[in-house]
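Scroll down for the structure; my scribbles are underneath it.
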Amino acid sequence: MLHRRQLATLLAAPLLLPAGARAQPTSTPKPGGELSFGLDGAAVSSFVLDPHDSGFAPHNRVFRSIYDSLVVLLPDQNVGPWLATAWEISPDRRSYTFTLRRGVTFHDGTPFNAAAVKANLDRVADAQSRPLTALPDIGPYAGSEVLAEDRVRIDLHRPFEPLLRNLSKTTLGIISPAALAKHGAAIAQNPVGTGPFRFVSLVQGVEIVLERNPDYRWAPPTAAHEGPAYLQRLVFRNVPEEATRVAALQSRQVHAADGIPPQNIAALRSASGFRLVEKELLNLNYTLYLNLNKAPWDDEDVRRAFRLSLDLDALVRVVYLGTLPRAWAPVSPSIFASAEKELRGSWKPDLAEAIRILDAKGWRPGAGGIREKDGKRLTVSFADTQGNREKRLDVIQFARRQVARAGFDLSIDSQPNSTYRQKLASGDYDLSGASQFAPDPDVLARLHLPDQRVASSVAKTNDPEISRWLTEGQQEGDPEKRADLYNRTQRRLIEKTYAIPVYVLPYTIGITTQVNGLSIDSHGFPEFHGVWLNA
Amino acid sequence: MPSHASFLLRRGLSSVLVIIGTVTLVFLILYWLPGDPAELVAGENATRESVARIRVLLGTDRPLWIQYLAYVGDLARGDLGTSFATQEPVSLRLWAQFPATLGLTLLASAVAIVAGIGFGILAAVNHGNWVDHAIQNVMLFLTSMPSFWLGILLILLFSVTLQWLPAIGSGSLAQLVLPVACLGLIAAGRLMRMVRDSVLDVLQEPFVTTLRAKGLPERLVLFRHVLRNALIPVITLFGIIVGELLSGTVVVESLFARQGIGRLLVDALSMKDIPVIQGAVLLASISYVLINLVVDLSYARIDPRLRVEG
């Protein structure tokens with residue numbers, strides 16, 4: 001039997017050193033003060049501060065300060081101890097026994113223990129209520145058993161290897177069971193966790209106010225110090241408009257702002273008084289998905305011709321002004337088993353070849369240079385609901401001009417969320433794009449495994465080999481074999497042109513030089529525990 | 001005055017009809033838009049059964065006309081319903097956002113009136129000289145500006161460069177200055193042109209020449225006689241402009257990171273949160289109808305000739 005407890009300690013020990021070294025401050029951290037953070041939170045008017053029920057990245061960036069997780073994701077993509085100090089996995093890999101840290105309390109004063117872990121996971125699994133966003137994170141969860149005050153066993157119907165990494169996600173942050181019982185669904189406006197900051201108040205859509213948790217003693221091994229946060233108050237202010245957000249930072253109305261647009265990145269780097277903190281977001285890269293159930297994409301050659309007519313290097317360089325790299329693999333480079341290295345340079349734009357394929361397939365140039373076959377025009381409708389977030393519509397506009405040279409007519413079909421999802425579910429679209437933050441390559445199964453994806457999935461892949469690899473990947477206990485399964489999956493997605501990855505997103509925070517110790521965790525979410533302000 | 005009372009009654013009735021019409025129209029449009037609210041509420045991982053259960057919970061499984069009657073019935077009792085997305089009463093969600101939007105709209109209207117009428121008169125009495133040209137050019141510049149662009153320029157100048165005013169948030173008066181200026185100045189530009197043209201027209205009328213010939217001071221001619229006659233078309237335009245200001249808050253609230261009905265509405269639309277959309281539209285249409293009622297009544301105050309006929 002594998003002694004995971006020892007392994008966890010082994011993994012954690014060397015980490016304490018570099019973490020300590022990284023934290024060596026030029027001067028001593030100064031406690032106190034209020035940090036105001038300009039959050040790229042989109043035009044939402046209701047904050048959902050329920051970690052189990054939000055896949056919305058901006059809100060997950062807030063969760064990390066309020067909620068802790070059982071385990072922490074380490075820079076090497078393994079997991080280390082946090083609220084759980086050690087764990088053992090049964091030989092059949094269907095049971096995980098966690099030993100929990102003692103002396104941890106929730107913000108409401110109730111103790112964190114085995115019953116709390118069970119209550120949280122049971123809540124996520126509860127099929128009686130509306131399914132929560134975190135449901136796929138626990139996979140084939142069968143139940144939990146409280147073995148002792150500080151020992152809990154999680155049982156699965158079948159092995160589910162992504163579980164440990166998923167437990168490190170904000171979406172499986174541990175909520176106070178007492179607060180859950182007290183507030184019910186209103187927990188989303190009254191969050192209670194064990195994190196370094198506790199909730200004070202919120203103004204819907206505008207700001208979230210947190211204050212220091214003075215009892216905090218259980219920071220993960222990745223943190224610079226174990227004790228309470230330095231900041232007295234932490235205020236997230238939702239500034240959806242990027243120009244306003246950058247202006248608020250430049251005029252120092254906020255100490256920090258995220259989602260810095262490319263046109264301001266160079267300026268902030270060179271401006272005195274400001275710094276830029278950035279790190280790759282662990283992400284299913286922003287990818288264009290072709291609706292494989294529908295002509296013309298049911299023909300692999302036409303899909304290939306479409307991609308050959310795209311020059312992604314030029315496109316990404318022009319739209320993002322060289323501030324981020326283009327993507328070759330579906331999952332971002334730092335994720336375990338990303339095929340970024342294997343896929344780099346795997347195809348080149350070739351307009352002449354694209355034209356040759358389309359000619360051979362009987363698509364002849366028609367009016368306005370758009371190709372036609374049997375009276376049908378070669379039109380491609382791009383379904384969209386997010387507007388120009390991360391300049392994604394600029395990407396499509398640019399692509400539109402590139403593919404027009406080969407005779408494709410690419411149009412943008414912008415719809416409200418409800419209509420968009422209806423269109424994806426009914427298959428009434430040709431092309432769409434999406435990204436999804438995740439620490440484990442198993443996120444691919446949510447798109448490309450037919451029986452594990454939702455009806456409104458942006459991907460319609462139905463490839464027996466990919467299905468087999470993704471199913472095996474959830475159950476394969478050997479990391480090397482597991483990596484190979486995901487690597488093959490990604491290579492096949494590209495080889496068959498089922499999906500076209502576009503760019504790798506770095507999460508970017510602009511800060512004033514008054515801010516010290518701001519870090520980004522291994523998932524790519526901001527950490528405020530070590531932050532302190534100059535006078 | 002019976003005629004005045006019947007005028008009020010008729011205007012009141014037609015206002016109620018306008019509101020009912022608006023609510024009905026929005027209800028039908030929302031119903032016919034594709035997308036099932038239950039699926040959106042249920043979320044990505046929902047099973048078919050849980051979507052069906054939520055549909056029953058929301059009441060969207062019932063035939064259209066029953067949903068409509070239930071909605072109108074609740075409305076008559078003052079119940080705006082429950083938000084699909086957050087399960088909070090719609091009235092609470094609206095009330096949390098409305099004061100911010102109301103404050104913004106009223107102050108922007110005040111800026112529009114003061115600046116629009118003031119500069120309009122100034123331009124008219126300086127007809128043809130450099131003051132007139134300067135005012136006209138500035139106002140043309142303002143009215144040609146989309147609000148998001150003028151807003152960004154205001155932020156760059158007053159918040160980033162001069163650092164006089166905050167660019168974001170709602171709550172304090174200082175935080176209102178830039179958004180109010182942004183909305184108010186654009187509306188002022190349109191009012192100013194109307195005031196200027198209207199005052200110039202009236203100044204050409206024979207009765208003005210008579211008043212001047214009588215030796216009445218120019219100040220009295222202008223403010224007691226000319227302005228009163230010139231204001232009628234301006235007030236009509238003002239009723240329309242307030243409606244535009246209300247809808248303009250959708251953009252301005254997002255730009256200046258403020259609370260407000262505009263943002264609530266955009267959010268609710270993307271979630272197909274029908275009760276919230278209905279509530280926000282109802283609130284906006286009531287405000288609009290009320291303002292135009294006030295506008296109609298003020299005609300009578302300003303011009304006695306309009307008092308009896310109505």
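When every residue of segment A:346-366 is checked against the conditions, at least one turns out to be in contact with a Phe, Trp or Tyr (Cβ under 8 Å, 6 or more places away or on another chain) and farther than 26 Å from A:Ile265 by Cβ. Of A:Pro140, A:Pro136, all but one fail to be under 28 Å from B:Arg48 (Cβ atoms) and surrounded by 20 or more Cβ atoms within 10 Å (Cβ to Cβ); the exception is A:Pro136. Taking the listed residues B:Leu191, B:Leu245, B:Leu216, the one that is surrounded by fewer than 20 Cβ atoms within 10 Å (Cβ to Cβ), among the hydrophobic types (A, V, I, L, M, F, W, C) and either away from chain A (no Cβ under 14 Å) or not in a helix (DSSP H, G or I) (or both) is B:Leu216, with no other qualifying. Determine whether B:Ser254 is free of Cβ contacts under 8 Å to residues at least 40 places away in the same chain, hydroxyl-bearing (Ser, Thr, Tyr), within 14 Å of chain A (Cβ to nearest Cβ) and over 18 Å from B:Leu102 (Cβ atoms). So B:Ser254 fails the test.
With respect to being crowded, with 17+ Cβ neighbours inside 10 Å and away from chain A (no Cβ under 11 Å), B:Thr105 fits the description.
Can you confirm whether A:Val206 is modelled with pLDDT under 95, touching a Ser or Thr at 6+ places or on another chain (Cβ under 7 Å) and not charged (D, E, K, R)? Yes.
Every residue, every condition in (1) within 29 Å of B:Ala187 (Cα to Cα); (2) of a type outside the set (Ser, Thr, Tyr); (3) touching a strand residue (DSSP E or B) at 6+ places or on another chain (Cβ under 6 Å); (4) without any contact (Cβ under 8 Å) to a residue 40 or more places away in the chain, yes or no:
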{"residue": "B:Phe7", "(1), (2), (3), (4)": "no, yes, no, no"}
{"residue": "B:Arg11", "(1), (2), (3), (4)": "yes, yes, no, no"}
{"residue": "B:Val41", "(1), (2), (3), (4)": "no, yes, no, no"}
{"residue": "B:Tyr71", "(1), (2), (3), (4)": "no, no, no, no"}
{"residue": "B:Ala85", "(1), (2), (3), (4)": "no, yes, no, no"}
{"residue": "B:Ala96", "(1), (2), (3), (4)": "yes, yes, no, no"}
{"residue": "B:Gly103", "(1), (2), (3), (4)": "yes, yes, no, no"}
{"residue": "B:Leu107", "(1), (2), (3), (4)": "yes, yes, no, no"}
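Restricted to segment A:436-453, and to residues there that are of a type in the set (A, V, I, L, M, F, W, C) and out of contact with any Gly (no Cβ under 9 Å at 6 or more places or on another chain), the residue that is surrounded by the most Cβ atoms within 10 Å (Cβ to Cβ) is A:Ala438. Within segment A:219-230, residues that are crowded, with 22+ Cβ neighbours inside 10 Å reach partners that are among the charged types (D, E, K, R) and outside any loop (DSSP other than H, G, I, E, B) with beta carbons closer than 6 Å, at six or more positions or on different chains, in the pairs A:Ala229/A:Arg212. Looking at B:Gly169, B:Gly118, B:Gly103, B:Gly151, just one residue is on the phi > 0 side of the Ramachandran plot and under 26 Å from the mean Cα position of the chain (by Cα), and that residue is B:Gly169.
If you take the residues in segment A:398-435 that are more than 10 Å from every other protein chain (Cβ to nearest Cβ) and out of contact with any helix residue (DSSP H, G or I) (no Cβ under 9 Å at 6 or more places or on another chain), which one is surrounded by the fewest Cβ atoms within 10 Å (Cβ to Cβ)? Among residues in segment A:398-435 that are more than 10 Å from every other protein chain (Cβ to nearest Cβ) and out of contact with any helix residue (DSSP H, G or I) (no Cβ under 9 Å at 6 or more places or on another chain), the one surrounded by the fewest Cβ atoms within 10 Å (Cβ to Cβ) is A:Arg401. For segment A:41-97, the set of residues classified as among the acidic types (Asp, Glu) and either within 14 Å of chain B (Cβ to nearest Cβ) or assigned to a helix (DSSP H, G or I) (or both) consists of A:Asp50, A:Asp53, listed by residue number.
Looking across segment B:40-93, the residues that are within 11 Å of chain A (Cβ to nearest Cβ) and assigned to a helix (DSSP H, G or I) come down to B:Leu40, B:Val41, B:Ala42, B:Arg48, B:Glu49, B:Ser50, B:Val51, B:Arg53, B:Ile54, B:Leu57, B:Leu92, B:Arg93.
Close contacts from segment A:511-535, counting a first residue that is part of a strand (DSSP E or B) and a second that is acidic (Asp, Glu), with Cβ to Cβ under 6 Å and a gap of 6+ residues or different chains, come to A:Ser519/A:Glu527; A:Glu527/A:Asp521. Evaluate the following for B:Val226: is it over 22 Å from B:Ala110 (Cβ atoms) and modelled with pLDDT of 85 or more? Spelling it out, B:Val226 is indeed over 22 Å from B:Ala110 (Cβ atoms) and modelled with pLDDT of 85 or more.
Scoring A:Leu70 on the criteria (1) at positive phi; (2) surrounded by 23 or more Cβ atoms within 10 Å (Cβ to Cβ) leaves a single failure, condition (1). Residues of segment B:199-255 that are more than 30 Å from A:Glu241 (Cβ to Cβ) and of a type in the set (S, T, N, Q): B:Gln204, B:Thr209, B:Thr210, B:Asn229, B:Thr236.
Taking B:Pro146 and the conditions (1) crowded, with 16+ Cβ neighbours inside 10 Å; (2) touching a helix residue (DSSP H, G or I) at 6+ places or on another chain (Cβ under 9 Å); (3) not hydrophobic (A, V, I, L, M, F, W, C), which numbered condition does it fall short on, given that it satisfies the others? The one condition B:Pro146 does not meet is (1). Taken together, A:Ala13, A:Ala57, A:Ala21 contain a single residue that is modelled with pLDDT under 90, within 30 Å of B:Thr86 (Cβ to Cβ) and aliphatic (A, V, I, L, M), which is A:Ala57. Taking the listed residues A:Leu231, A:Leu172, the one that is modelled with pLDDT of 95 or more and under 16 Å from A:Arg61 (Cα atoms) is A:Leu172, with no other qualifying.
Within segment A:143-170, which residues are among the aliphatic types (A, V, I, L, M) and surrounded by 23 or more Cβ atoms within 10 Å (Cβ to Cβ)? Hits for segment A:143-170 are A:Val152, A:Ile154, A:Leu163, A:Leu167. Residues considered: A:Gln436, A:Gln452, A:Gln490, A:Gln475. Of these, the only one that is closer than 30 Å to A:His255 by Cβ and in contact (Cβ under 8 Å) with a residue 60 or more places away in the chain is A:Gln436.
Can you pull out the residues in segment B:261-299 that are of a type in the set (A, V, I, L, M) and within 13 Å of chain A (Cβ to nearest Cβ)? Of everything in segment B:261-299, those that are of a type in the set (A, V, I, L, M) and within 13 Å of chain A (Cβ to nearest Cβ) turn out to be B:Ile261, B:Leu264, B:Leu265, B:Val266, B:Ala268, B:Leu269, B:Met271, B:Ile274, B:Val276, B:Ile277, B:Ala280. Note on segment A:485-507: residues that are polar (S, T, N, Q) and crowded, with 24+ Cβ neighbours inside 10 Å amount to 2. Before we move on, is B:Gly151 in a helix (DSSP H, G or I), within 15 Å of B:Val234 (Cα to Cα) and small (Gly, Ala, Ser)? Spelling it out, it is not the case that B:Gly151 is in a helix (DSSP H, G or I), within 15 Å of B:Val234 (Cα to Cα) and small (Gly, Ala, Ser).
One residue alone among A:Leu100, A:Leu180, A:Leu172, A:Leu135 is more than 14 Å from chain B (Cβ to nearest Cβ), among the aliphatic types (A, V, I, L, M), under 27 Å from the mean Cα position of the chain (by Cα) and under 30 Å from A:Leu449 (Cα atoms), and that residue is A:Leu172.
The values are calculated or read from the model by the stated rules, or taken from the named source; none is laboratory data. Computed from a predicted structure; not experimentally measured. Positions of Cβ are backbone-derived with ideal geometry, glycine not excepted, and every protein chain shown enters the neighbour counts.
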